[in-house]
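Written below as structure tokens is the structure these notes are about.
Derivation of every value follows stated rules applied to the coordinates shown; laboratory data play no part. Please read these numbers as outputs of a predicted model, since none were measured by experiment. With ideal geometry, Cβ positions are generated from the backbone for all residues, glycine too; neighbour counts draw on all protein chains shown.
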Amino acid sequence: MSETQEYINGMRPGPLTREIPECMRDKYTVVQAIIDVIVFVIVGAGYVIQAIYRTIVGKPKKDLKGGVAVVTGGGGGLGSLIALRLARLGCTIVLWDINKQGLEDTVKLVKGIGGKCYGYVVDLASREDIYRVAKKVEEEVGKVNLLINNAGVVSGNYLLDTPDHLIQRTFDVNILAHFWTVKAFLPSMIENNDGHIVTIASMAGHVGVAKLVDYCSSKAAACGFDEALRLELETKGIKGVRTSLICPYFIRSTGMFEEVNSRFVPQLNSNEVADRIILAIRTNEPFALIPGYFRVLLPFKWIVPWPCISELIRGLVPDAVPVTPVTPTLPTPLPEVDLKRESRPMSLLPPVRPDRHV
Ligand SMILES: NC(=O)c1ccc[n+]([C@@H]2O[C@H](COP(=O)([O-])OP(=O)(O)OC[C@H]3O[C@@H](n4cnc5c(N)ncnc54)[C@H](O)[C@@H]3O)[C@@H](O)[C@H]2O)c1
């Protein structure tokens, strides 16, 4: 059996590892495991006490002044609300969106409150576009220390009625773009030991919903992306770069799930969601489920029988997309696809939305 440098006969390396005689190694492994468990319980209890203390007393909020924040999908919806709040806190805002008009409107809004704001037209479904504009941003604006992967799309149809190119696009924008943006900006964050990567996922990343098969699976991937990335940074001992996962329920007035048929749990107010996201960033929260009581409800998913879960989800969200979007079939050969018109979420004129008061 080959033994790696790190693990010798299943034991962690330590000063005694090599000196322990073969006949004693099993015993040592058991003793080491017991010590590991005891240490874990003590350290874990410390973290729990610290979390309870911080919940009661409140967490210290970090100062975002002087930072450079990239907000993808910042040309409308939640992205523009987040941008306005970050500008108020003194960040320079860099908005990325495919929607030129939305970008211009949000840039005006941010400048209107005295913020510094730059808008870049980017197609997040294109890796080349992401890398190209990321380079441009670093040259023209400066090093980015806050990345908010917020842009998202939804096809909103039964799987068998969803054309392949829309499924592909959902994954391109909702998750693959996160890989490319993080690869573009993380190196300088690590270099400066200062950074924060925010993943706007969804409750749909934890719970499946009919007509949202591509959306739910892309959001589940986004949840996995955040957690694995956070662990990777911690494993590498990079303390200055944080990540936050944001999972909201359906939001009112952003455009994405405007007609959703949701019972019992009211749709969220977009301003309150934006406030919650800013709080999560400022307090380095690893994840925020919105509303918060879903933290208690979600684990039941793995405990109660599936028919209960199915009844509950179908009762809660009888129809996620009651008005089926018109999906044009793609003629061959592929033309320049008008991504904007084919996708549901595109919020065209963000500033005129009813609860866009910040
Ligand atoms: N609205 C909800 O109910 C809800 C619930 C949970 C999570 N979310 C998530 O919150 C985020 C923001 O959603 P929203 O409600 O503000 O939606 P929205 O449609 O209002 O905003 C999404 C933005 O992303 C941009 N975008 C879409 N495709 C793009 C592309 N290829 N390249 C560049 N930009 C592109 C759009 O132009 C738009 O400005 C999304 O990730 C969404 O999945 C929304």
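Some values worked out for this structure:
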{"read-out": "Flagged links, alpha-carbon separation over 29 Å, of 62/301; 108/136; 100/135; 219/301; 108/135", "value": "62/301"}
{"read-out": "Sum of side-chain charges, residue 180 neighbourhood, beta-carbon under 15 Å (Lys, Arg +1; Asp, Glu -1)", "value": "+1"}
{"read-out": "Using θ = phi - 60° and Karplus 6.51 cos²θ - 1.76 cosθ + 1.60, couplings along the stretch 213-221 (whole Hz; Gly, Pro as x)", "value": "4, 5, 5, 4, 5, 5, 6, 4, 5"}
{"read-out": "Contour excess over end-to-end distance, with Cα ends at residue 158 and residue 52 and 0.36 nm allotted per residue", "value": "33.9 nm"}
{"read-out": "Whole-angstrom gap from the stretch 197-229 to the stretch 234-289, using each part's C-alpha centre", "value": "12"}
{"read-out": "Pair residue 38, residue 283: separation of 7 Å Cα→Cβ label points (nm)", "value": "3.5"}
{"read-out": "For 178, 206, 196, order by how many other beta-carbon atoms lie within 10 Å, fewest first", "value": "206, 196, 178"}
{"read-out": "From phi via Karplus (6.51, -1.76, 1.60), per-residue ³J(HN,Hα) for the stretch 67-80 in Hz, x at Gly/Pro", "value": "x, 10, 10, 9, 10, 7, x, x, x, x, x, 4, x, 6"}
{"read-out": "Per-pair calculated FRET efficiency, R0 = 25 Å: residue 61 and residue 238 via Cβ, rounded to 0.05", "value": "0.70"}
{"read-out": "Antiparallel bridge percentage (DSSP; both residues within the stretch 68-349; nearest 5)", "value": "5"}
{"read-out": "Around residue 262: net Lys/Arg minus Asp/Glu count, Cβ-Cβ under 15 Å", "value": "+1"}
{"read-out": "Charge context of residue 120, other residues only, Cβ under 13 angstrom, K/R +1, D/E -1", "value": "-3"}
{"read-out": "Inter-part distance where the stretch 164-182 and the stretch 53-77 are each reduced to a Cα centre, Å", "value": "25"}
{"read-out": "Ranked packing of 228-241, 301-314, most packed first, by mean Cβ within 10 Å", "value": "228-241, 301-314"}
{"read-out": "Nitroxide proxy distance, nm - points 7 Å out along Cα→Cβ at residue 132 and residue 301", "value": "3.8"}
